[in-house]
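Undergrad: My questions will all concern the structure given below.
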């Protein structure tokens, strides 16, 4: 039931990079807010409401911290609110801090949602096109990590039952973890030799390697990529023409609201909200079909 | 038509004087199912690896290996990799990638097969092996049986003509092992796939093989049909490895063809020993006093919201007992052992060790001269460069050993015949040798309770017989042993009591003779063969004795 | 010598040029630029790694060492202040060369952040750990010869790692490089820096021998 998951692995990185590029380069509050909104919604559709709520507990203090500490380091601006240790705390500095915080939160939430969507499978696929050996190495490491964790647990239990370092003190735990790591290294290197044997047995290293994947590039993917290109083009042209210029220092400028700037806002809004809309649309459609059954 | 020809193959490992293989010659015809067996260290693994050029060990090699008439060294790379498939012992070690689908495609990618063809072959193979259900899963999330099936499927996508398997079922539970062997048989029957299988679990494969070859100390001593080889081994120490029906036949001097399957064994007994009908093995009830493990109403689950693994478990084990827990995978046997060793904590119930509640043991006093556990994977016990260094570590565990460590190690090493292994690296030992060293390492802590988790996994018949002897000695010294095992034959041989574990509790328990003659499916081969003729006979030796009694 | 120059150019040149460019343009987007630089500096290494055909054993062993350092980070996670990643990366570099060290470092950052959380800091960690491995590989001979040198290298790499990550924090949370904020960040993270430095030394001292002997065993037994 995950519409984003069905897309080709190239689609989401394009959206992610486009949104990140604009959000980080343009210091316009509308753009930051749109990016944040899109990021929040996207993160919510991917991680669920409960996780999002937990995330907010971290986001809100971070926001306040950044907004409030910026004036301590930055004394630019023309509207002093009060003086601290002989330095002016300006309205501009606080606003700038808040704006940067918005941008940071937007990027963080996009990053979180994106991290959920870009499964290791897709990462290996993207690497696999350009660098097959690197992709294979990535895949092998991913295969080994859970296996090593399991073995680490077994070693630590075996050692405990043999009466080695089974107390709970910090140094005993430290020493026993060292022992586990050291044993794990020996064990995993033996496994590595066996794995390499299995690779050779199945023809690894022959000339003319091909690569296989379960992903297909469908019409939807083409459509979404074209759409992203058009929207990004509109936004970049607008930025290039100064339609969304905004300054915090020395004084907070007026928010641009020409026809072109509205077009840029709209285009970026579409870009930012599209991934969550696809996902939400899918869920609504699902509920609709289910209600008909 | 001959697919594989081996002529006068002699092989010596570097820095060794005695060859691992000596003048071995045989041929395998297209479509044959051949089983190669022999004691640990007889050279069967070496032989198998030599047949696959890509993984052949380094050393001095003489003689010829020909595949479809072409010398091995002349085979082109793709043929060498693709048409000879190899499946090894350890299900985990052979898996290369993190996802099942990628693992299936891996070999074909290496051969440079175009993606659409890979899609077709992988799809076909996944359907045939019943992999569709877990096609997208992570390889690490699979069970041991599934992993080995995946390894087989991953080789089969490359469409090999000859399949070499090195003890593929030794790390699997009996049900997964049966399924694996059945699949091999099916591949052989339905697709004419030529198979050379190295195995020590012969009960199942002996009757279905076309030919059996036996290696001893690097020499091929038998090569013939299963019946002929069984007859040839009649008085050989290797006869221990034969299927139960053949072992009973070997123990009796009756002049008739050797029975191989259970049914043939049954027919054989009824034909020749029907006059002994009704004979019974006397049942000795063990004297149960001095309980050392008392568990009452144990409930356990791994996480708050996961289902219960143990439900109201009651278990009492007395001093000097050998108590075997049998049952399917996931029934909670290993969990029980972990709870007895205080590695996991039940959320309800009482547990006393030596009469003392388990919570009252402070820090690691439970593991000092009291209770210890042999893990399923004994490699987890060894961290150092030699076995000896590892054993010396026991100083840290038992501080009051002062000066006695070396003498104790030497004493145990001699007693268990592992002196020659002490200076070796733990990972260079065979499964049976490692198990023995692990046991000795644990015995150095002078335990009075020994928990064993699948101790016979991967052991051949000879090592198993030695291990059974050691258990009997420990028992005589008053050590209490609780063992979790899938190996019914072994449990029947060494236990004082056996119990069947199902759905988080013990559903039946009793002396081995009572226990196995009461069960119809969960029982030994000898019991199945002699059922209806004799009462309570569960071991081949018991059947032989009952037949022989005048 | 040629190798040194090309590495030097790559490691110092690219970041310098780009940072200079950023100040000239005087945009406030150093974080983004820095991230791009980090990714860009990793690319040549990946390409040079990819350019050669690696044997199965070498490939698996490097993959396993990366997995080990990820698992090490996980195992030590409940014990505050202890992180064996740097030690693992350095040891890999000592035995398999700078390139393998770089790959292990970079892979560890990507893979362990699947557990600890991916973010814009991932490229920085990739670069920092990769660099530590690369330099250790170039200095393999003296580092293998003297344990003192190894300890100094471990401590230094802890300090450098911390300083580099502080640059990242300032760029990221300030939108630009502000020296006073950087100093404040360095000051607040000084205890962590000390812990990194000390724990790197401890980990190197404790792990170098066991891993070294195990790698040597594999090398002699199976010939890599």
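The values are calculated or read from the model by the stated rules, or taken from the named source; none is laboratory data. Predicted model, so just to flag it, every value in this text is computed and none were measured. Positions of Cβ are generated from backbone atoms using ideal geometry, with glycine treated the same way; all protein chains shown enter the neighbour counts.
Undergrad: Quick check on the stretch C:172-201: of everything there that is surrounded by fewer than 17 Cβ atoms within 10 Å (Cβ to Cβ) and at the interface with chain A (Cβ under 9 Å from one of its Cβ atoms), which residue is modelled with the lowest pLDDT?
TA: Result: C:180.
Undergrad: Specify which of the listed residues (B:438, B:525) is within 23 Å of residue B:283 (Cβ to Cβ) and either crowded, with 20+ Cβ neighbours inside 10 Å or within 14 Å of another protein chain (Cβ to nearest Cβ) (or both).
TA: Values: B:438 fails: within 23 Å of residue B:283 (Cβ to Cβ).
Only one candidate qualifies: B:525.
Undergrad: Moving on to the next point. For the stretch A:164-176, which positions are modelled with pLDDT under 75 and either at the interface with another protein chain (Cβ under 7 Å from one of its Cβ atoms) or touching a strand residue (DSSP E or B) at 6+ places or on another chain (Cβ under 6 Å) (or both)?
TA: Hits for the stretch A:164-176 are A:166, A:167.
Undergrad: Residue under question is residue B:366, and the condition is that it be modelled with pLDDT of 90 or more, crowded, with 22+ Cβ neighbours inside 10 Å and at negative phi; does it hold? Show your work before the answer.
TA: Values: modelled with pLDDT of 90 or more: no; crowded, with 22+ Cβ neighbours inside 10 Å: yes; at negative phi: yes.
Taking the combined requirement at face value, the residue does not satisfy it.
Undergrad: Here is a list: B:239, B:244. Which entry is touching a helix residue (DSSP H, G or I) at 6+ places or on another chain (Cβ under 8 Å), modelled with pLDDT of 90 or more and not assigned by TED's automatic domain parsing to the domain that holds residue B:451? Step through it out loud before you land on a result.
TA: Numbers: B:239 fails: modelled with pLDDT of 90 or more.
Just a single option satisfies the conditions, and that option is B:244.
Undergrad: Let me ask something else. If I go through the stretch B:188-205 residue by residue, how many of them are over 25 Å from residue B:326 (Cα atoms) and crowded, with 20+ Cβ neighbours inside 10 Å? Quick ask: steps written out before the conclusion?
TA: Applying the first criterion (over 25 Å from residue B:326 (Cα atoms)) to the stretch B:188-205 yields B:188-198.
Those left that are additionally crowded, with 20+ Cβ neighbours inside 10 Å: B:188, B:193-198.
The qualifying residues number 7.
Undergrad: Please count how many residues of the stretch A:72-94 are in a helix (DSSP H, G or I), within 13 Å of chain C (Cβ to nearest Cβ) and surrounded by fewer than 23 Cβ atoms within 10 Å (Cβ to Cβ).
TA: Taking the stretch A:72-94 first, the residues in a helix (DSSP H, G or I) are A:72-73, A:91-94.
If we keep only those that are within 13 Å of chain C (Cβ to nearest Cβ) too, we end up with A:72-73, A:93.
Right, trim to surrounded by fewer than 23 Cβ atoms within 10 Å (Cβ to Cβ) and you get A:72-73.
The qualifying residues number 2.
Undergrad: Let me ask something additional. Using the structure shown, decide if residue A:179 is within 22 Å of the chain's Cα centre (by Cα), part of a helix (DSSP H, G or I) and surrounded by fewer than 22 Cβ atoms within 10 Å (Cβ to Cβ).
TA: Working: within 22 Å of the chain's Cα centre (by Cα): no; part of a helix (DSSP H, G or I): yes; surrounded by fewer than 22 Cβ atoms within 10 Å (Cβ to Cβ): yes.
So residue A:179 fails the test.
Undergrad: Any residue that is at pLDDT below 85 and more than 8 Å from chain B (Cβ to nearest Cβ) - is there at least one of those in the stretch A:140-159? Spell out how you get there, then give the answer.
TA: First pass over the stretch A:140-159, keeping only residues at pLDDT below 85: none.
No, every residue in the stretch A:140-159 fails to be at pLDDT below 85 and more than 8 Å from chain B (Cβ to nearest Cβ).
Undergrad: Can you work out which of the residues in the stretch C:78-93 that are surrounded by fewer than 24 Cβ atoms within 10 Å (Cβ to Cβ) and over 13 Å from residue C:157 (Cβ atoms) is modelled with the highest pLDDT?
TA: Out of the qualifying residues, it is C:78.
Undergrad: Can you tell which of A:179, A:200, A:219 is within 14 Å of chain B (Cβ to nearest Cβ) and without any contact (Cβ under 8 Å) to a residue 12 or more places away in the chain? Please lay out each step first, then the result.
TA: Values: A:179 fails: without any contact (Cβ under 8 Å) to a residue 12 or more places away in the chain; A:219 fails: within 14 Å of chain B (Cβ to nearest Cβ).
Within the list A:179, A:200, A:219, the selection yields A:200.
Undergrad: Follow-up question, since we're still on this one. Scan the stretch C:108-146 for residues that are closer than 23 Å to residue A:23 by Cβ, in a helix (DSSP H, G or I) and in contact (Cβ under 8 Å) with a residue 60 or more places away in the chain and jot them down.
TA: Passing the criteria: C:123, C:124, C:126, C:127.
Undergrad: Among the helices (runs of 4 or more DSSP H) confined wholly to the stretch A:1-62, which include 3 or more residues that are within 15 Å of residue A:100 (Cα to Cα), within 17 Å of the chain's Cα centre (by Cα) and touching a residue at least 40 places away in the same chain (Cβ under 8 Å)? Steps first, please.
TA: On the way: elements: A:3-6, A:11-25, A:29-47.
In the stretch A:1-62, A:11-25, A:29-47 are the helices (runs of 4 or more DSSP H) which contain 3 or more residues that are within 15 Å of residue A:100 (Cα to Cα), within 17 Å of the chain's Cα centre (by Cα) and touching a residue at least 40 places away in the same chain (Cβ under 8 Å).
Undergrad: Still on this structure, please answer the following. Between a residue in the stretch C:201-224 that is farther than 19 Å from residue C:136 by Cβ and any residue that is in a helix (DSSP H, G or I), which pairs come within a Cβ distance under 6 Å, given they are 6 or more apart or on different chains?
TA: C:218/A:189; C:222/A:193
Undergrad: While we're here: Taking the stretch B:467-499, which residues are under 20 Å from residue B:239 (Cα atoms) and free of Cβ contacts under 8 Å to residues at least 12 places away in the same chain?
TA: B:469
Undergrad: Regarding the stretch A:230-244, can at least one residue be identified that is in the same structural domain as residue A:39 (by TED's automatic domain parsing), free of Cβ contacts under 8 Å to residues at least 24 places away in the same chain, buried (at least 18 other Cβ atoms within 10 Å of the Cβ) and in a helix (DSSP H, G or I)?
TA: Looking through the stretch A:230-244, none of the residues is in the same structural domain as residue A:39 (by TED's automatic domain parsing), free of Cβ contacts under 8 Å to residues at least 24 places away in the same chain, buried (at least 18 other Cβ atoms within 10 Å of the Cβ) and in a helix (DSSP H, G or I).
Undergrad: Right, another one. Sort out which residues of the stretch C:143-155 are in contact with a helix residue (DSSP H, G or I) (Cβ under 8 Å, 6 or more places away or on another chain) and modelled with pLDDT of 90 or more, and write them in order of number. Before the answer, list the steps.
TA: At the first step, the residues of the stretch C:143-155 found to be in contact with a helix residue (DSSP H, G or I) (Cβ under 8 Å, 6 or more places away or on another chain) are C:143-144, C:147, C:149-151, C:153-155.
Passing the criteria: C:149, C:150, C:151, C:153, C:154, C:155.
Undergrad: Taking only the stretch A:44-53 into account, find how many residues are surrounded by fewer than 19 Cβ atoms within 10 Å (Cβ to Cβ) and more than 13 Å from chain C (Cβ to nearest Cβ). I'd like the intermediate steps shown before the answer.
TA: To start, the set of residues in the stretch A:44-53 that are surrounded by fewer than 19 Cβ atoms within 10 Å (Cβ to Cβ) comprises A:47-51, A:53.
So of that shortlist, the ones also more than 13 Å from chain C (Cβ to nearest Cβ) come out as A:48-50, A:53.
Total satisfying the criteria: 4.
Undergrad: A follow-up question, please. What number of residues in the stretch B:419-430 are crowded, with 20+ Cβ neighbours inside 10 Å and assigned to a loop (DSSP other than H, G, I, E, B)?
TA: Quick first cut of the stretch B:419-430, residues crowded, with 20+ Cβ neighbours inside 10 Å only: B:421, B:426, B:429.
Within this subset, residues satisfying the condition of being assigned to a loop (DSSP other than H, G, I, E, B) are B:429.
The number of residues fulfilling the criteria is 1.
Undergrad: From the list B:315, B:337, B:310, pick out the single residue that is within 20 Å of the chain's Cα centre (by Cα) and buried (at least 20 other Cβ atoms within 10 Å of the Cβ).
TA: Details: B:315 fails: within 20 Å of the chain's Cα centre (by Cα); B:310 fails: within 20 Å of the chain's Cα centre (by Cα).
The conditions single out B:337.
Undergrad: Give me the strands (runs of 3 or more DSSP E) completely within the stretch B:9-107, filtered to those with at least 1 residues that are touching a strand residue (DSSP E or B) at 6+ places or on another chain (Cβ under 6 Å) and within 14 Å of chain A (Cβ to nearest Cβ), ordered by residue number. Working first, answer last.
TA: Values: elements: B:21-29, B:33-37, B:60-67, B:84-87.
The qualifying strands (runs of 3 or more DSSP E) are B:84-87.
Undergrad: For the stretch B:259-283, name all the residues that are assigned to a loop (DSSP other than H, G, I, E, B) and at pLDDT 90 or above.
TA: So in the stretch B:259-283, the residues assigned to a loop (DSSP other than H, G, I, E, B) come out as B:259-261, B:277-279, B:281-283.
Those that are assigned to a loop (DSSP other than H, G, I, E, B) and at pLDDT 90 or above: B:259, B:260, B:261.
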